[in-house]
Each structure stands twice: as structure tokens, then as C-alpha cells.
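The values are calculated or read from the model by the stated rules, or taken from the named source; none is laboratory data. Keep in mind the model is a prediction, meaning the values are calculated, not measured. Please note: Cβ atoms are built from the backbone with ideal geometry, for glycine as well, and neighbour counts cover all protein chains shown. When the accessible area is computed, the model is the full protein with side chains, heavy atoms only, and any ligands, DNA or RNA have been set aside. Shrake-Rupley method; radii C 1.70, N 1.55, O 1.52, S 1.80 Å.
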Amino acid sequence: MKDIFTERFNEALKMTKNSQVQIAESANVSKQCISDYKSGKAFPSIQTLRLLCKSLDVSADFLLGLDDI
């Protein structure tokens, strides 16, 4: 079973118009990091989470499962 961040991150990726490469670049992480976040192998730091939220146009509360979009 995937954790809530992994589920919500994958959901946000499906909703965005940005490519995973664009998201990785704007969050200043590698494409491998995005892949690891998608699979639940890794989780972003607070600073990276903030950048991911801006890139994906979602709130941190959404990605963390504290709120629905």
C-alpha cells in the first residue's frame, strides 16, 4: 500500500500540464528524484516540497493528505 504523499504526488503529476523533466528542473532535483517520489522510495525535503507544490500548482496540505485540493 502506498503512503498518502506518494498517492497524492502521482495524482498531481497526472493533473499538471508540465512534464516530469520540467517539474524536476523547477524543483531543482534530478529526474531520478521525481521517479523515487512517484514510487515511494524517497520523500522530498521541506524546501523541495515547497518547490514541487509551486510546480504542480497544489498545496503542501494536499500532498501531505491534510486537505483535498
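Computed on protein heavy atoms with a 1.4 Å probe, the accessible areas place Lys38, Lys17, Lys31, Lys2 in the order Lys17, Lys31, Lys2, Lys38, largest first. In the chain, helices alone account for a calculated mean residue ellipticity at 222 nm of -17500 deg cm²/dmol, with every DSSP H run of four or more residues adding -39,500 (n - 2.57).
In the set (1) 28; (2) 34; (3) 13, the label that goes with percent of Cα pairs over 20 Å apart computed for this structure is (3). The string of couplings for the range 32-49 from the Karplus curve (6.51, -1.76, 1.60, θ = phi - 60°) is 5, 4, 4, 4, 5, 5, 5, 8, x, 7, 8, 9, x, 5, 4, 5, 5, 4 Hz, one whole number per residue in order, with x for Gly and Pro.
Around the Cα centre of the chain, unit charges on the Cβ atoms of Lys, Arg, Asp and Glu (plus for the first two, minus for the last two) sum to a dipole of about 260 debye.
In percent, how large is the relative contact order of the chain, given Cα pairs closer than 8 Å and 6 or more residues apart?
Values: 63 pairs, mean separation 27.7, N = 69.
Over the chain, the number comes to 40 percent.
Counting only heavy atoms of protein chains, what accessible area per residue, in Å², does the chain have with a probe of 1.4 Å? Per residue, the chain has 65 Å² of solvent-accessible surface. The portion of the accessible surface of the chain made up by carbon and sulfur, rounded to a whole percent, is 51 (1.4 Å probe; DNA, RNA and ligands excluded).
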